Amino acid sequence: MGYLVAAYLVFWGVTFFYVLYLVRRQRALEERIARLRTQLNPEHGEESDALR
């Protein structure tokens with residue numbers, strides 16, 4: 001029974017850190033997209049951010 005509890009703890013620990021990794025990666029990608037939009041269209045970059 002102890003192995004089952006340990007397996008659940010390991011599973012949820014790995015799942016938690018994987019989701020945290022995905023959230024951070026998503027934020028970084030969104031920031032990069034925003035920077036690219038600003039570089040490609042600088043006069044409309046700030047307006048498009050305000051519309052979100």
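The values are calculated or read from the model by the stated rules, or taken from the named source; none is laboratory data. Quick caveat: nothing in here was measured; it's all calculated off a predicted structure. Cβ placement follows ideal geometry from the backbone for every residue including glycine, while neighbour counts extend to all protein chains displayed. Accessible surface areas use protein heavy atoms only, side chains included; no ligands, DNA or RNA. Shrake-Rupley method; radii C 1.70, N 1.55, O 1.52, S 1.80 Å.
A few remarks follow.
- First in segment 30-52 and open to solvent by less than 100 Å² (accessible area, probe 1.4 Å), second anywhere and modelled with pLDDT of 90 or more, Cβ under 7 Å, 6 or more apart: 45/37; 45/38; 48/37; 49/34
- Unique match (being part of a helix (DSSP H, G or I) and over 20 Å from the mean Cα position of the chain (by Cα)) among 23, 19, 5: 5
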